[in-house]
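Nothing in this text is a laboratory measurement; each read-out follows from the coordinates by a stated rule. Not measured: the values here are computed from a predicted model. As a convention, Cβ positions derive from the backbone with ideal geometry for all residues, glycine included, and neighbour counts pool all protein chains shown.
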């Protein structure tokens, strides 16, 4: 990453990623697999105001299998240290056997999540008949905004596996490992504020998972995260995030990014999937959506903050991006809060 502004933190803050549910599953054979319906269904119980549900599972012991219910999706094997991420709210399953189970029982799953969310079930949940083969999985569910523009979620595959890093002499390999250790230690205690601490840990574990993925991403990948890793494209993204209201042009952006106009346009489009100016327009709308949802600023003030001199021009652009007028978006956001 180039020094200076931090676009990943900008996105995480602007799309309002928040912990919704977090618990530790202790599994033993024979046991029923977890069959999780799509995020829109889950959100009704654990995060009613969320536009998207991100699910992730960290295997801390043993071996488990998981996969999407989408046609043609093959199961993946997960071992200690691996993280399975379902970033776009797809229905999926997770269990100790490789065979894909029947589709989710929505009422049963929602009933279980409702009990966990209410605190009626303990943080550590044992599932199975106590057989010799066992596994432990930290399960996290996060809510976030998806519209009008979430560059992080849109760049991730529908099912992402981030492989673990081998520990040396039991020493945590990186920050993600250390966070898992803190989480497991927290599971052994029941101090005041534990539920709040665990939800914050769930957010940190997800961020560290993305950072590990970013650090191990092979050459040749495309997408927003690949753009962040590129010296030139990453610099251009950082500049637009640092000054989104500035009257950027392709020549001015290329000059400050240290390259030619044509080189920036070609490289940015190849990696990110859209031109620099198209990316800026999308990012401005996401910033505007956050400010409007906060309900503090007038539409005219939001327009200026994201680089529009005309409230009318901003309103037209926002409605094209979000599907509703700025005032309607603000009203929806404040009523949800």
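Report the label-to-label distance for residue 313 and residue 133 in nanometres (one decimal), using points 7 Å from each Cα along the Cα→Cβ vector.
Label at residue 313, label at residue 133, 6.4 nm between them.
How many nm separate the modelled label positions at residue 70 and residue 124, each set 7 Å beyond the Cα in the direction of the Cβ?
3.6
Can you give the direction-averaged projected area of the convex hull of the alpha-carbon atoms in segment 225-336, in nm²? Show your work: numbers first, answer last.
Numbers: hull surface 28.1 nm².
For the Cα atoms of segment 225-336, the hull's average projected area reads 7.0 nm².
Does segment 100-157 classify as rounded, prolate or oblate by the C-alpha gyration tensor (a ≥ b ≥ c root eigenvalues; a/c under 1.5 gives rounded; else a/b over b/c gives prolate, otherwise oblate)?
Cα axes put segment 100-157 in the prolate bin.
Please give the length that would be gained between residue 181 and residue 277 if that part of the chain were fully extended, namely 0.36 nm times their separation in residues minus their C-alpha to C-alpha distance (nm, one decimal).
Residue separation times 0.36 nm, minus the Cα-Cα distance, leaves 30.3 nm.
What full-extension length gain, to one decimal in nm, is calculated for residue 217 and residue 263 as 0.36 nm per residue of separation minus the Cα-Cα distance?
Length gained, residue 217 through residue 263: 14.3 nm.
According to the Cα gyration tensor, what semi-axes, each the square root of 5 times an eigenvalue, does the equivalent ellipsoid of segment 1-53 have, listed from largest to smallest in whole Å?
Listed largest to smallest, the semi-axes of segment 1-53 are 32, 17, 9 Å.
Tell me whether segment 93-215 comes out rounded, prolate or oblate; compute the Cα gyration tensor, take square roots of the eigenvalues as a ≥ b ≥ c, and use a/c under 1.5 as the rounded threshold.
rounded
Rank the residues 118, 202 as a footprinting-exposure proxy: fewest other Cβ atoms within 10 Å of their Cβ go first. Don't skip to the end; give the middle numbers.
Values: 118 9, 202 25.
Taking fewest neighbouring Cβ atoms as first place, the list is 118, 202.
Just need log10 I(q)/I(0) for segment 66-107 at q = 0.15, 0.28, 0.33 Å⁻¹, Debye formula, equal scatterers on the alpha-carbon atoms, no solvent, rounded to two decimals.
-0.37, -1.17, -1.39
Given the Cα atoms of segment 194-255, and with Rh set as the inverse mean 1/r over their pairs in the Kirkwood sense, what is Rg to Rh to two decimals?
1.15
Can you give the extra length, in nm with one decimal, that the chain gains between residue 115 and residue 305 once fully stretched, where that is 0.36 nm per residue apart less the Cα-Cα distance?
Between residue 115 and residue 305, full extension yields 64.1 nm more.
How long are the semi-axes of the equivalent ellipsoid of the chain, defined as square roots of 5 times the Cα gyration tensor eigenvalues? Whole Å, largest first.
Equivalent ellipsoid semi-axes, largest first: 38, 24, 18 Å.
What does a probe at residue 49 reach in segment 285-310, counting residues whose amide N is under 16 Å from the point 7 Å along Cα→Cβ?
Taking a point 7 Å out along Cα→Cβ of residue 49, the residues of segment 285-310 whose backbone N falls under 16 Å are 289-297.
Jot down the radius of gyration and Dmax of segment 2-91, Cα atoms only, both in angstrom.
Reported Rg and Dmax, both Å: 15.6, 52.
Given the options 167, 114, 35, state which has the largest fluctuation in a GNM of the chain using a 10 Å cut-off (strictly under) for Cα springs.
Of the options given, 167 has the highest mean-square fluctuation.
With each pseudo-label sitting 7 Å past Cα toward Cβ, what's the residue 298-residue 242 distance in nm, one decimal?
Placing both labels 7 Å along Cα→Cβ, they lie 3.2 nm apart.
Once you have a ≥ b ≥ c as the square roots of the Cα gyration tensor eigenvalues for segment 139-195, tell me rounded if a/c is under 1.5, and otherwise prolate or oblate according to whether a/b is larger than b/c.
oblate
Which of 110, 84 has the fewest other C-beta atoms within 10 Å, and how do the rest follow up to the most?
On the way: 110 17, 84 24.
Least to most surrounded, the residues fall as 110, 84.
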